[in-house]
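The values are calculated or read from the model by the stated rules, or taken from the named source; none is laboratory data. If you're wondering where the values come from, they're calculated on a predicted model, not measured in any experiment. We place every Cβ from the backbone using ideal geometry, glycine too, and count neighbours over all the protein chains shown. Calculation scope for accessible area: heavy atoms of the full protein, side chains included, ligands and nucleic acids excluded. Shrake-Rupley method; radii C 1.70, N 1.55, O 1.52, S 1.80 Å.
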Amino acid sequence: MALAAAYAFQTGKGSENVEKRPVTVEIQEGMTATQIGNLLEEKKVIGNALVFRLVVRQQGIGGDFKPGKYEFTTGMDNDDVIVQLRKGPPIKYIKLTVPEGWTASQVAERVGARTKILKEEYLAAVQERLILVEYEFLRKSGAPTQSLEGYLYPDTYSIQEDITAQELINMQLGRFEEVTANISWDNAQALGRTPYEIMIIASMIERETRVDDERALVAAVIYNRLTKGMPLQIDATVQYALPVWKDRLLLEDLKIDSPYNTYKNKGLPPGPICNPSVESMEAALNPTGDPYLYYVLAPDNSGRHVFTKTYDEFLNAKNQYKAAQEE
């Protein structure tokens, strides 16, 4: 047995007689080489903890092992195990998809379900702007609030399994910075709006239509109503004010006391109501010149809208939509 141990020590070889099977081993912070060797022997990753410790001592690397979860196999060579322990555990990535038009609360729910980040932790970082890097577009936005609602860019992210809330938000803000790099924000001044107000308008466009060629038309309606001093009366802003999303708003919902209720309050709501796509931002900066003041869903259930200039035209289009739903 002594000869076998000496051979294993010199060669670092594992046992060829051990059946190869996958083993997950978690190395805790602060574990010594002796403790690690004992754990590896217990899991049958190596054949002899004493030999493992002697190899480690000979190489002078006892304090170089990184904590974390490792995927080993039984009967491994000591040298192969040591290489992995010095390199560190494999980084695991997961896919996180944030759909266009989701609110920070919706994003937080998904983050809480798909990652180790608590939804409350993510929301706190969003509301208090707990980010690792300060971005120029945030400093120049003219936002009256610390909230990052509107800037959590919707995309599919490949993230590390142990990512923090602040790191994830930084990724989203970095993506926002990347996709908006070529946007002409100078149009905001020409429209008499701050960049933050453009984001508010873009968020309403995002929630009101997903049809690309309608975005600038919805923008036109918003600007036209603002110019005339009319309340925007956008259902999506009321949805944002409600504690839970409703498939259909009731008349009593339109009476909710909230600065986001654009039926009761004129002008823009105080902040974005979702995190919009770059297409909606472009539309908010480039509304059409059409004089439309109203829109309603088209009766063909295509998801498109009928845009009208007068209230009578709007009522007619609305009645046509209702009739089509009753057929």
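General remarks:
- Residues that are open to solvent by less than 40 Å² (accessible area, probe 1.4 Å) and in a loop (DSSP other than H, G, I, E, B), drawn from the range 150-169: Gly150, Tyr151, Leu152, Tyr153, Pro154, Ile163
- Check on Leu217, over 30 Å from the mean Cα position of the chain (by Cα), within 24 Å of Ile183 (Cβ to Cβ) and open to solvent by 30 Å² or more (accessible area, probe 1.4 Å): no
- Sole residue being modelled with pLDDT under 95 and either open to solvent by 20 Å² or more (accessible area, probe 1.4 Å) or part of a loop (DSSP other than H, G, I, E, B) (or both), chosen from Gly303, Gly267: Gly303
A quick yes/no check of all residues on (1) out of contact with any Ser or Thr (no Cβ under 8 Å at 6 or more places or on another chain); (2) open to solvent by 80 Å² or more (accessible area, probe 1.4 Å); (3) assigned to a loop (DSSP other than H, G, I, E, B):
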{"residue": "Lys116", "(1), (2), (3)": "yes, yes, yes"}
{"residue": "Ala125", "(1), (2), (3)": "yes, no, no"}
{"residue": "Ile131", "(1), (2), (3)": "yes, no, yes"}
{"residue": "Pro144", "(1), (2), (3)": "yes, yes, yes"}
{"residue": "Leu148", "(1), (2), (3)": "yes, no, yes"}
{"residue": "Met171", "(1), (2), (3)": "yes, no, no"}
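- Given (1) among the acidic types (Asp, Glu); (2) under 20 Å from the mean Cα position of the chain (by Cα); (3) over 17 Å from Gln172 (Cα atoms); (4) surrounded by 14 or more Cβ atoms within 10 Å (Cβ to Cβ), index of the condition Asp77 fails: (2)
- Scanning the range 270-287 for residues that are under 14 Å from Ile222 (Cβ atoms) and open to solvent by 20 Å² or more (accessible area, probe 1.4 Å) yields Asn286, Pro287.
- Residue within the range 98-106 that is free of Cβ contacts under 8 Å to residues at least 40 places away in the same chain and either of a type in the set (Ser, Thr, Tyr) or in contact with a helix residue (DSSP H, G or I) (Cβ under 7 Å, 6 or more places away or on another chain) (or both) present: yes
- The single residue among Lys87, Lys69, Lys44 that is open to solvent by 60 Å² or more (accessible area, probe 1.4 Å) and without any contact (Cβ under 8 Å) to a residue 24 or more places away in the chain turns out to be Lys87.
- Note on the range 133-142: residues that are surrounded by fewer than 13 Cβ atoms within 10 Å (Cβ to Cβ) and either of a type in the set (Asp, Glu) or closer than 24 Å to Ile205 by Cβ (or both) total 3.
- Scanning the range 173-199 for residues that are farther than 13 Å from Ala284 by Cα, among the small types (Gly, Ala, Ser) and in a loop (DSSP other than H, G, I, E, B) returns a single hit, Ala181.
- In the set (1) of a type in the set (Val, Ile, Thr); (2) within 21 Å of Gln127 (Cβ to Cβ); (3) open to solvent by 10 Å² or more (accessible area, probe 1.4 Å), Ile200 fails one condition alone, (3).
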